[in-house]
1. State whether segment 110-204 is rounded, prolate or oblate according to the following rule on the C-alpha gyration tensor (a ≥ b ≥ c being the square roots of its eigenvalues): a/c under 1.5 gives rounded; otherwise a/b larger than b/c gives prolate, and the remaining case gives oblate.
2. When you count, for each residue, the other Cβ atoms within 10 Å and take the mean per peptide, how do 218-226, 45-53 rank with the highest first?
3. Specify the angular offset, from 0 to 90 degrees and rounded to the nearest 10, of the alpha carbon long axis of helix 218-233 from the longest principal axis of the alpha carbons in the chain.
4. Would you look at the GNM of the chain, springs on alpha carbons closer than 10 Å, and say which of 124, 149, 201 moves the most?
5. Can you tell me the orientation of helix 176-187 relative to the chain, as the angle in degrees between its alpha-carbon axis and the longest Cα principal axis, to the nearest 10?
6. Please label the shape of segment 60-134 as rounded, prolate or oblate, based on the square roots a ≥ b ≥ c of the eigenvalues of the alpha-carbon gyration tensor (a/c under 1.5 means rounded; beyond that, a/b larger than b/c means prolate, else oblate).
7. So what's the angle, to the nearest 10 degrees on a 0 to 90 scale, between helix 136-147 and the longest Cα principal axis of the chain?
8. Which of 90, 65, 203 moves the most in a Gaussian network model of the chain with Cα springs under 10 Å?
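None of the figures in this text is laboratory data; all of them are computed from the coordinates on show. Everything numeric in this text was worked out from a predicted model, so none of it was measured. Cβ placement follows ideal geometry from the backbone for every residue including glycine, while neighbour counts extend to all protein chains displayed.
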């Protein structure tokens, strides 16, 4: 009788494991089922908005949007038309306000829709690196922020943002020295590498961590590894820098991050060829799981601070 009861229990547990593993894409967890009933959850979404970045974070206390994608289609059959994919995604997610809008750097595929976001939604705070830009998306963003009474906050390496409910975001780059150097260069009408001005930050919630890399390239990655090593870079999930370009994701950098998942935000048109074969081979060789918005649609990460799951729309 005892043997029969044991077998029935075992079969029931096996069935539950199979059911919990179903979904549109594979997920992963790093905690036992004892933690499954913790109520506090954080959701992070890499929104499917074409070429560019738009990452939506909901901590239960705050709604944070990191980057906004572009306001125009730059390629494909809709080239030159208004790009409303971000707003369709935000509407789908039921967003009515944004507590913090973080723009990593002044390229259009990251900041293009920032002014429109500020005009459409109540935005509590605009967070950026403080480096000026002559580009119209940057100027339109600041004009919209000033016109709508949005608090503007400039951040640099060492700053820590509180997203509520125990969720912290530590800024790792740019340094104050880089901000000063590029600001001086731009004032003198000299060229700078805008990608390397990207806000790079590490989100932590309990035992969970995720690195947001903007478009930072190998020069900055080398500095980050030298400055922080694995202590500050090591993360469960890596939001891949520069849409999977070979200009980023150096081997030493990815080894320091040691991610279980790599999340890539890129467009379907492949005008830039993203993601490039070099980082994809590196991820494969290191046994890192990969998801892409062009293939998987919006990618959702859910965590209670211990366990986490990663799923795609398709």
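1. oblate
2. On the way: 218-226: 18.4, 45-53: 25.7.
Ranked by mean Cβ neighbours within 10 Å, highest first: 45-53, 218-226.
3. 40 degrees
4. Largest GNM mean-square fluctuation: 149.
5. Its long axis makes an angle of about 40 degrees.
6. On the way: a/c = 2.43, a/b = 1.21, b/c = 2.01.
It comes out oblate by the Cα gyration axes.
7. Result, in degrees: 90.
8. Among 90, 65, 203, the largest GNM mean-square fluctuation belongs to 90.
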